[in-house]
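The values are calculated or read from the model by the stated rules, or taken from the named source; none is laboratory data. What you see is a predicted model, and the numbers here were worked out from it, not measured in a lab. Please note: Cβ atoms are built from the backbone with ideal geometry, for glycine as well, and neighbour counts cover all protein chains shown. SASA here: full protein model, heavy atoms, side chains in, ligands and nucleic acids out. Shrake-Rupley method; radii C 1.70, N 1.55, O 1.52, S 1.80 Å.
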Amino acid sequence: MSLDPDIARFLAALPPPSTVAEASLLDLRAASETALPALQGPLEDVAAVRDVLVAATDGHAIGVRVYWPAGHRPGHARPGLVFAHGGGWFQGSLAVYDNPCRALANASGCVVIAMAYRLAPEHPFPVPLEDVYAVLDWSHRTAAALDVDPSRLLVGGDSAGGNLAAGVALLARDRGGPPIHHQLLLYPALDTAVDTDSHRRYGEGHFLTTALMQRCWEAYVGAHSLASPYAVPARAQDLTGLPAASILVCDHDPLRDEGEHYARRLQLAGVPVRCERLPGMVHACLHLLGTAPASRILLDRSAALLAEVM
């Protein structure tokens, strides 16, 4: 399917690729703090928001923001979604993802538990993954206080956050960690290889570029890329025993094929999985609700798929 018209206009107005290619990751990080919220539309109201600090295994205090969806009544347990934000592991923050997390909470009916995991390149793998695992463990231990049903605890994320969600599902399985009811992987980054058909077709001119994705992987995994399936879930040899998954990929996204390939591998391993391709969408469409209203399909399909498993 062709690009959504609003997204096509958005892409046509972007700076030339050379501008991004010449910028440092730290400069791109700083720019995203204002550029992405400007695309997201009006702030959604939720029942409540609370900021807390959670201790990482090394004592670092991880900032966590909890969102209770509109209409929530205290004392009534809901599914809880431990959500890792995207941004190529080097950018993204609780502030940038405030409105997307509000929208996700309202659409899904979940208590969304978002965290400010430490970012690469200052903190490469495994630090971001261990931060997500610490928040997962905390969410399970404090579920009652969060009005979360511990038997319906989910992990999710978009892009690099989808990678972290898939990685933490593998880690929790192997460590005998907190039980995870489901994975919600939104256009996830799963493989360091960038030789798929979707990379060849959409690796330039469709928001995320293959060149930038390669820089993101280098910043996050470096020498670990061949060593750990927790960093690169597509390289995991054994996918049995993982939680069921819902995977949403975007039609015009260089990461599309690796998400669909991972879904097929999960199915072959006996893991229940639903994978859908979102027509007309590009990578990071979670941020485009105020720019391209059709991007709402990401929230609508996430909510519909989660409703089937909760």
Can you pull out every residue in the range 183-198 that is buried (at least 22 other Cβ atoms within 10 Å of the Cβ) and either in contact with a Ser or Thr (Cβ under 8 Å, 6 or more places away or on another chain) or free of Cβ contacts under 8 Å to residues at least 24 places away in the same chain (or both)?
GLN183, LEU184, LEU185, LEU186, TYR187, PRO188, ALA189
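Name the one entry in LEU298, LEU289 that is crowded, with 24+ Cβ neighbours inside 10 Å, within 26 Å of LEU14 (Cα to Cα) and touching a helix residue (DSSP H, G or I) at 6+ places or on another chain (Cβ under 8 Å).
The conditions single out LEU298.
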Looking only at the range 86-106, how many residues end up being of a type in the set (A, V, I, L, M) and either within 12 Å of the chain's Cα centre (by Cα) or crowded, with 21+ Cβ neighbours inside 10 Å (or both)?
4
Examine the range 274-281 for a residue that is farther than 24 Å from ARG173 by Cα and hydrophobic (A, V, I, L, M, F, W, C), and state whether such a residue exists.
yes
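The rows are residues; the columns are (1) in contact with a helix residue (DSSP H, G or I) (Cβ under 6 Å, 6 or more places away or on another chain); (2) of a type in the set (S, T, N, Q).
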{"position": "ASP137", "(1), (2)": "no, no"}
{"position": "THR142", "(1), (2)": "no, yes"}
{"position": "LEU146", "(1), (2)": "no, no"}
{"position": "ARG152", "(1), (2)": "no, no"}
{"position": "GLY162", "(1), (2)": "no, no"}
{"position": "GLY167", "(1), (2)": "yes, no"}
{"position": "LEU171", "(1), (2)": "yes, no"}
{"position": "GLY176", "(1), (2)": "no, no"}
{"position": "HIS181", "(1), (2)": "no, no"}
Before we move on, is ARG141 at pLDDT 95 or above and either within 26 Å of ALA304 (Cα to Cα) or open to solvent by less than 40 Å² (accessible area, probe 1.4 Å) (or both)?
no
Take ALA165 and decide whether it is at pLDDT 95 or above and over 17 Å from the mean Cα position of the chain (by Cα).
no
Of the residues that make up the range 10-22, is at least one within 18 Å of TYR97 (Cα to Cα) and open to solvent by 80 Å² or more (accessible area, probe 1.4 Å)?
no
Scan the range 178-211 residue by residue and report those that are of a type in the set (S, T, N, Q) and either touching a strand residue (DSSP E or B) at 6+ places or on another chain (Cβ under 9 Å) or under 20 Å from ALA245 (Cβ atoms) (or both).
GLN183, THR196, SER198
